[in-house]
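The values are calculated or read from the model by the stated rules, or taken from the named source; none is laboratory data. Remember, it's a predicted structure, so these values are computed and weren't measured experimentally. As a convention, Cβ positions derive from the backbone with ideal geometry for all residues, glycine included, and neighbour counts pool all protein chains shown.
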Amino acid sequence: MVSKEIELALNNHDFEVLIQIGLNNRDQENFEEAFYCFNKGSEQGHAESQCQLGMLYDLGTGCPQDKEKAFELYKEAAKKSALAQRCLGGMYFYGEYVTQDYYEAKSWYSKAAKQGNMEALAMLGAIAEYGYCGKEDISSAVEMYKFAADQECNTAQGYLGACYFHGNGVEQDYARAAILLENAAIEGNRNAQFLFGVMHYEGLHFEKHAKRGAYWIMLAKNDGHELAQKAWARLKGFE
């Protein structure tokens, strides 16, 4: 049964309220209700609703996973939505549904970053750091990471923390790495979890604590982090 709040938003064509109701329900894992809100907004051409609906299809939450449908919704929403532009960039970056194309990913990430999307800026940093679209440019990557990390971007904090951990593009600084990696690890960034675990396990900046290190490495391993999986195989007594 549709709530009175949703009915009122629909009757008033107030899609900003409708999408907020959808987001609240999504965050509370009421995915069926979230899907209803986003779908209604999407039917009326509301770009952010289209994007959020695309994300549900992308992940298969509240509906069967459908990457093609997600792509179509992102593409339509990207005419107005920076978030949709970033999501499209992600599909091209990782080769999900579409053929992997770093140049196309960079194009969409650039559009989103110009509108202030910090996740997109962080991914532009990654493209620069690893030379996915030409020559590696760690200097530009660090600059982008720092800017986005200052805006509390989890992805940028993870990448920048890794730079400080390895001394890549910056002077190696385990104290700085620890702060950035912890923030990113808590939010589920698997590479940050792995490196943060290594710091505890090896006693880098922290007092050596094998079990605490193994805990973070295990989280990264369970999320499919390849290096964490290899490291876990060498750990003894923690399974």
Across the range 1-35, the tally of residues that are surrounded by fewer than 13 Cβ atoms within 10 Å (Cβ to Cβ) and of a type in the set (Lys, Arg) stands at 1
Given the structure, is Glu182 out of contact with any His (no Cβ under 8 Å at 6 or more places or on another chain), closer than 28 Å to Asp137 by Cβ and either polar (S, T, N, Q) or not in a helix (DSSP H, G or I) (or both)? no
Original post:
Can Ala228 be described as within 22 Å of Leu88 (Cβ to Cβ), of a type in the set (Gly, Ala, Ser) and in contact with a helix residue (DSSP H, G or I) (Cβ under 7 Å, 6 or more places away or on another chain)?
Top reply: no
Test Glu207 against the criterion of being of a type in the set (Asp, Glu), under 17 Å from Gly125 (Cβ atoms) and not in a helix (DSSP H, G or I), and give yes or no.
no
Restricting attention to the range 217-239, the residues that are touching a Gly at 6+ places or on another chain (Cβ under 7 Å) and either under 16 Å from Phe165 (Cα atoms) or not in a helix (DSSP H, G or I) (or both) number exactly 1
Checking Glu129, Glu72 in turn, the sole residue that is under 24 Å from Gly60 (Cα atoms), modelled with pLDDT of 95 or more and touching a helix residue (DSSP H, G or I) at 6+ places or on another chain (Cβ under 9 Å) turns out to be Glu72
Just one listed residue, out of Tyr164, Tyr174, Tyr159, is farther than 24 Å from Gln85 by Cα and buried (at least 22 other Cβ atoms within 10 Å of the Cβ), and it is Tyr164
A careful count of residues in the range 73-82 that are within 11 Å of Lys111 (Cβ to Cβ) and surrounded by 21 or more Cβ atoms within 10 Å (Cβ to Cβ) gives 3
Quick count over the range 138-179, residues being within 13 Å of Glu119 (Cα to Cα) and among the charged types (D, E, K, R), is 3
All conditions in (1) of a type outside the set (Gly, Ala, Ser); (2) surrounded by fewer than 16 Cβ atoms within 10 Å (Cβ to Cβ); (3) over 17 Å from the mean Cα position of the chain (by Cα) are true of Ile138 except (2)
Does the range 208-217 include one or more residues that are within 23 Å of the chain's Cα centre (by Cα), more than 24 Å from Ala148 (Cα to Cα) and of a type in the set (A, V, I, L, M)? yes
Flagged pairs (Cβ under 6 angstrom, 6 or more apart or on separate chains; first in the range 39-58, under 17 Å from Glu7 (Cα atoms); second surrounded by 22 or more Cβ atoms within 10 Å (Cβ to Cβ) and of a type in the set (Val, Ile, Thr)) are Gly41/Ile19; Ser49/Ile19
